[in-house]
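Enquirer: Mind looking over this structure? Questions follow.
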Amino acid sequence: MKASALYFSSQQLFLATPVKSFCGVNGFLPQNHLGNICKFGNTKPNCKIHPIFTVKAASSSSPSLAGSAADYPEELIGKRVKKKQIAGIDQDELLDPRQLADPDSCFCEFKGVHVHYKVCEAEPSMSEEQETSQLHVPTTKLGFPMIFLHGFGASTFSWHRVMKPFAQLTGSKVLAFDRPAFGLTSRVRHSTHSHASGDTMPLNPYSTAFSVLATLYFIDFLKSEKAVLVGHSAGSLTAVEAYFEAPDRVAALILVAPAIVAPRSATKSAKENQSDKDNKVQESNSTSDKRPNLFARIGQVLSNFYRYIANTVMKVLKGMLNVVNSLYTKALVAILRSAVAITLVRMIIDKFGIAAVKNAWYDATQVTDHILHGYTKPLRTKDWDRALVDFTVAMLTDSQAKLKPPLEKRLQNISCPVLIITGDSDRLVPSWNAERLSRAIPGSQLEIMKSCGHLPHEEKPDEFVSIVANFFNKVFSGSGEFCMQT
């Protein structure tokens with residue numbers, strides 16, 4: 001049945017489709033004749049029109065014909081068909097992130113992206129005795145700010161219980177911002193963003209490199225030479241990469257449940273030691289026997305020839321593997337950019353989103369409605385699903401990461417103070433990974449919080465702040481690294 005535009009009201013019927021479509025009359029009828037066919041008042045219309053048909057016709061109407069659902073009779077509209085909720089959040093009217101801002105929300109534009117951030121300062125009314133009693137440690141005023149970097153699926157909300165205590169602790173500003181694809185930071189299309197910037201090699205806003213530069217930008221924004229970077233889970237990767245990008249701008253690193261694959265340092269060193277021993281044995285054997293031996297020379301020539309053949313074959317296989325991997329990545333990216341991937345993302349978030357938040361806690365019963373609202377609120381923003389897909393694509397096609405040595409080989413070059421905090425019952429990033437990471441970073445300090453999951457700063461904020469305060473007093477007390485205030 002053809003129905004390009006159909007509108008009903010209590011007084012009149014506008015029809016922009018042949019009357020034959022529902023009344024069996026050829027051509028169009030004048031407006032004054034329509035009342036004889038379908039009378040709307042307290043009585044039902046003479047012609048039979050199914051409510052579902054009426055809703056569909058209204059939804060496909062031309063925008064030039066105005067009308068609202070409030071003007072339509074209930075007999076014709078029936079029940080409005082709503083879109084499916086995602087993790088309990090209605091998807092009917094998605095909003096611009098700035099329309100969802102909190103009273104303390106701030107926005108700034110960085111490389112074409114409207115970044116959402118929050119800043120907290122120390123309250124001058126609080127006395128030193130109150131600070132000491134709250135933290136249970138001697139307080140030391142530090143002259144540098146702290147910048148908090150949330151993990152995957154989180155936002156500035158993740159730090160709301162510790163920002164004010166840290167502002168009191170440091171006597172300086174503390175700042176948290178939403179990385180692109182999360183929180184209330186704007187969701188931009190990478191292609192549109194690239195065209196607008198005009199760069200031949202534009203920076204992907206969903207890449208790690210973008211978050212690193214945004215972190216360094218906020219250090220300048222706070223008018224400071226250095227800052228303490230606090231990264232949680234995947235945010236720890238951004239914190240570490242920011243250090244390698246500008247080590248002189250980072251005063252210290254605090255990695256919370258870091259989602260960084262730690263190298264097996266002990267096993268690796270053992271293999272290297274064994275290899276060194278084998279090389280020394282071969283060298284000693286070669287120097288001990290100086291006599292010319294024809295068969296030994298022939299064997300050496302054959303050995304070198306076979307080694308050359310083996311290396312050539314390995315290079316060819318490696319090249320083929322790179323080609324296959326490149327084709328696989330391109331195919332995967334093409335799939336991820338399709339509508340199917342967006343639908344899949346919505347299904348995953350809907351089915352596992354809330355469960356994932358509860359699973360991150362040691363005691364899921366402590367997860368209140370307020371906490372769930374803080375994590376699901378970004379699902380009300382426009383294009384949140386597509387941004388998550390773009391974020392995933394950026395992780396798979398991070399060309400800049402391929403130009404650098406693997407992170408596990410660079411960890412030993414970190415020279416600033418490092419504190420690693422993890423929960424003993426972390427089900428997402430096991431505590432043993434944090435232990436390995438602490439062995440890979442020279443001089444790092446490891447703290448394991450008991451009866452704690454993946455979110456120490458949310459589950460046990462007082463203990464978390466106390467651990468960091470002790471770290472500051474241990475590392476910076478009496479040193480000239482920070483501007484000490486009395």
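The values are calculated or read from the model by the stated rules, or taken from the named source; none is laboratory data. Quantities reported herein were computed from a predicted structural model and do not represent experimental measurements. Methodologically, a virtual Cβ is constructed for each residue, glycine included, from the backbone with ideal geometry; neighbour enumeration extends over all protein chains shown. Ligands, DNA and RNA are excluded from the accessible area calculation, which covers all protein heavy atoms including side chains. Shrake-Rupley method; radii C 1.70, N 1.55, O 1.52, S 1.80 Å.
Enquirer: Give LYS111/LYS382; LYS164/LYS223; LYS111/LYS460; LYS111/LYS173; LYS111/LYS226; LYS358/LYS409 a once-over and call out the pairs whose C-alpha atoms are over 30 Å from each other. Let's see the in-between values first.
Expert: On the way: LYS111/LYS382 20 Å; LYS164/LYS223 19 Å; LYS111/LYS460 36 Å; LYS111/LYS173 24 Å; LYS111/LYS226 22 Å; LYS358/LYS409 34 Å.
Those over the limit are LYS111/LYS460; LYS358/LYS409.
Enquirer: Show the residues, 5+ positions off or on another chain, whose built amide H is closer than 5 Å to the amide H of GLY143.
Expert: Here the answer is CYS483, since their amide H atoms fall under 5 Å of that of GLY143.
Enquirer: Any idea of ARG439's accessible area? Nearest 10 Å², probe 1.4 Å.
Expert: 150 Å²
Enquirer: Next question. Just to be sure I understand the model, the point goes 7 Å from the Cα along the line to the Cβ. What's the resulting ASP462 to GLU121 distance in nm?
Expert: Each label point lies 7 Å from its Cα, and together they span 2.9 nm.
Enquirer: A further question follows. Multiplying the sequence separation of ALA355 and LEU396 by 0.36 nm and subtracting their Cα-Cα distance, what value in nm do you get? Please report the intermediate quantities before stating the final value.
Expert: Working: separation 41, 0.36 × 41 = 14.76 nm, distance 2.57 nm.
Gain on extension, ALA355 to LEU396, equals 12.2 nm.
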